[in-house]
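> Have a look at the structure that comes next, please.
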Amino acid sequence: MRPVAIRARGFRSFADLDITLPDGCTAVVGANGAGKSSLIAAVELALFGPEGRSLEPYATEGGDGELLVEVEVDHAGESYRVRRQWSARGRGKSTLDLEERHLDEEQGYDWEPLTEATAADTQRGIEAILGLSRETFRGSAYLAQGDGAVFTDAKPADRKRLLADALGLSLWEHALTHVGVDRRTMQQTVTRLDGRVALLGEQAGDTLEAEIQTKTLALELGVCEEDLADAAAAVTAHEVVLRAEQLARQQWETRVQAHRHAQQLASAQRQLGVQAQVARERLDGERTQMRSLERLEDERRGLAVVVEEKRTAARAAVLAAETIERYEAEADQLTRRLVEQQTELGRVDGKLEALTRPGTVCDRCGQEMDQAAKSSARASRDDERVKVHDVIVQTQTAIVAAHTAAAQVEIPPPVDGLADEEQRLAELASATANLAAAQARIAELEQTARLLDDDGYKTDLGRLEREAKQAQDAVDDLGPPDPDAQRRITAHLTEARADHARITGERDRLRVLQAQAEAALRQHERTAADLEQTRDQRATAAADLDQLTTLERAFGRDGVPAWIVEQQAIPAVEAEANRILAELGGAVSRVELRTERDLKGGGTREALDIVCLTDAGARDYGTFSGGERCRVDVALRLGLARLLAGRRGAEIRWLALDEPEALDEQGMQALAGVLRGLVQDGVVDSVLLASHIPALREAFDATLLVSRNGAGSTVEAT
């Protein structure tokens, strides 16, 4: 991981910052308070966010309330860009964006968003890509101002944790956790399989005994099947005998029925002859009665003609009377109208006479009428009188016409005896109402009487009497059946069926037992197979448990992580720190990281103590001066940085130091040489050293001069 560019807006003293970080060793110089620490801290803020809850404290005091911090990072052959923004608008809003640079064949290089749904998820993505947490970053790659002794002043347990984080040993802890869960799960599986093996062993039982029982039941079932076949044959034989007896009885009953039927047919034929004789005897009387009815019918038809004529004449007389009455009523109505018109004529004459008198008053206005008005009114009244007179003349003419029409109506002579004749006609109609029925009865009697003269009737009668005689002979020849035979046969059949049912029940019982025995045998066989399979599973699980137990020991505190720390990490850090101490000079010639501490009561306990060695022997770290402690701090931190630089996943190729405490100008020059050596040896690609010492400009490859004026801080590359 190596930051290559920093951009910021409204960040602390920087109103606008846009700088590309050089390769190699770069000195960040400037006066105290110019903003050197802020320049380096921008990288940590962009990658890991604020140490508090908000970005607001990092915004420029008195600025526009907007903050942007962006860093571009090269890591593992890829380029990433992390950008944090904050706005004071509303309640204040913070955003975090992560982008990866990729090559588009048409548009060239472009940034592809990797931002997750939440800022927390995006932060986890950043740390997963870089393989770093804030604590590991500050414990190795970034020595912030006042943070140089973060490793040496830490408790032994915290030192081990920092060292473990720097080495990425958390992976082993995660692996140990998962292996422990898997081992406990596998232990439970083995215990469960042990119980299942014991249970299946009890359930397996004696398979041979189940096989013998199954075969025995099969033999018993075979014997029962033979007995059942014999019983079924006996039932069938009795059913055949019973059926034969039933057929014989049905045959006798059929012949008896045929005899009865033949007798009934012969009796019916003879009854037809009797009916024909009776019909012939009744025929003359019916014919005499029908002739009387026919004479009455002739009389009824003649009388009906006379009655109809008289009814027509009576209707004509009624119509003439109604016509005369209508004309008379019309004349009366016209007479009343004539009287009304004559009265109206008198009223008009009275008005005409009044017009000749002086002082006549107008009907409309109530004023006395002059001669002209009287002349006009008289002319109007004359017209009215003429119209009324014409209506009177027309009415008189209509009255004369009505009387004339009434006088011209002819009144037919009165009809005599109509009521008596209508009564006689009704009596005749009642008497002849049964004529059709009498005719039908005579036709039926004639048809029936003709049967006596039909030769076919006599022939059929002889045939039917012969058939009745033959049927009687057949009944006599067969004779009646034995009434007890069917009862005896039925009793034998019932007994045979009971035996058959009993044997069927026994067979069904044996079949159930056989099915149960076969099921038990199959269960024994399945249980045996399951037992064998479970034993195999238990053996496999036991082998897996042994392997997981071995892995748990290997991943544990005394396993591979401890070996890495003690056999690789600590020797590597000690070697690099001692090499750097030799270059920095000073009283401490070398340091040792000891993982065990002697106890007063004897024995040892786990630790990670720092022992400083001088020409006079070992001394406690806290007894040295600030400059000597600073040299030890820097040496150990650079040793950690070199160790972390090669760790797979993190691969830190950048180192930043902010104002190492208590180093004089000579010490800073020596430190500059050490840092140049780290770059030359390929341990890191770039180094930033922030200091207020101007002489570092000559010691490093490049210089970033940080200045501050009334408008804020600026950076100039020289």
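> So, in the stretch 665-690, how many residues would count as being over 23 Å from LEU47 (Cβ atoms) and touching a helix residue (DSSP H, G or I) at 6+ places or on another chain (Cβ under 7 Å)?
8
> While we're here: List the helices (runs of 4 or more DSSP H) that sit entirely inside the stretch 605-712 and contain at least 2 residues that are within 60 Å of the chain's Cα centre (by Cα) and among the hydrophobic types (A, V, I, L, M, F, W, C).
Once the helices (runs of 4 or more DSSP H) in the stretch 605-712 are filtered for at least 2 residues that are within 60 Å of the chain's Cα centre (by Cα) and among the hydrophobic types (A, V, I, L, M, F, W, C), what remains is 626-645.
> Inside the stretch 462-513, can you point out the residues that are among the acidic types (Asp, Glu), more than 60 Å from the chain's Cα centre (by Cα) and either in the same structural domain as GLU253 (by TED's automatic domain parsing) or in a helix (DSSP H, G or I) (or both)?
GLU465, GLU467, ASP473, ASP476, ASP477, GLU495, ASP499
> Looking at GLY456, is it of a type in the set (Gly, Ala, Ser) and modelled with pLDDT of 75 or more?
Here the answer is no, as GLY456 does not meet what is asked.
> Additional query: Are any of the residues in the stretch 44-59 assigned by TED's automatic domain parsing to the domain that holds SER713 and within 20 Å of GLU716 (Cβ to Cβ)?
Looking through the stretch 44-59, none of the residues is assigned by TED's automatic domain parsing to the domain that holds SER713 and within 20 Å of GLU716 (Cβ to Cβ).
> Related question: Can you work out which of the residues in the stretch 27-73 that are of a type in the set (Ser, Thr, Tyr) and part of a loop (DSSP other than H, G, I, E, B) is modelled with the highest pLDDT?
THR60
> Check ASP97 against each of (1) under 44 Å from the mean Cα position of the chain (by Cα); (2) in a strand (DSSP E or B); (3) at pLDDT below 95 and name the one condition it does not meet.
Going through (1) under 44 Å from the mean Cα position of the chain (by Cα); (2) in a strand (DSSP E or B); (3) at pLDDT below 95 one by one, ASP97 breaks only (3).
> All but one of (1) within 30 Å of ARG357 (Cα to Cα); (2) in contact (Cβ under 8 Å) with a residue 12 or more places away in the chain hold for SER375, so report the exception by its number.
(2)
> Please find, among LEU242, LEU283, LEU219, LEU296, the residue that is of a type in the set (A, V, I, L, M) and exposed (fewer than 14 other Cβ atoms within 10 Å of the Cβ).
LEU219
> Another question, then. Return yes when ALA699 is assigned by TED's automatic domain parsing to the domain that holds LEU39 and surrounded by fewer than 22 Cβ atoms within 10 Å (Cβ to Cβ) and no when it is not.
Against the criterion (assigned by TED's automatic domain parsing to the domain that holds LEU39 and surrounded by fewer than 22 Cβ atoms within 10 Å (Cβ to Cβ)), ALA699 qualifies.
> Residue by residue through the stretch 423-450, note down the ones that are surrounded by 16 or more Cβ atoms within 10 Å (Cβ to Cβ) and not in a helix (DSSP H, G or I).
Result: THR432, single match.
> Something else now. Can you name every residue in the stretch 470-529 that is of a type in the set (Lys, Arg) and either surrounded by fewer than 16 Cβ atoms within 10 Å (Cβ to Cβ) or in contact with a His (Cβ under 7 Å, 6 or more places away or on another chain) (or both)?
Correct list: ARG487, ARG488, ARG502, ARG509, ARG511, ARG522, ARG526.
> Based on this model, can you work out whether ARG134 counts as of a type in the set (Lys, Arg) and either modelled with pLDDT of 90 or more or touching a strand residue (DSSP E or B) at 6+ places or on another chain (Cβ under 6 Å) (or both)? Working first, answer last.
Values: of a type in the set (Lys, Arg): yes; either modelled with pLDDT of 90 or more or touching a strand residue (DSSP E or B) at 6+ places or on another chain (Cβ under 6 Å) (or both): no.
Spelling it out, it is not the case that ARG134 is of a type in the set (Lys, Arg) and either modelled with pLDDT of 90 or more or touching a strand residue (DSSP E or B) at 6+ places or on another chain (Cβ under 6 Å) (or both).
The values are calculated or read from the model by the stated rules, or taken from the named source; none is laboratory data. Computed from a predicted structure; not experimentally measured. Cβ coordinates were reconstructed from backbone atoms using ideal geometry, including for glycine residues, and neighbour counts include every protein chain displayed.
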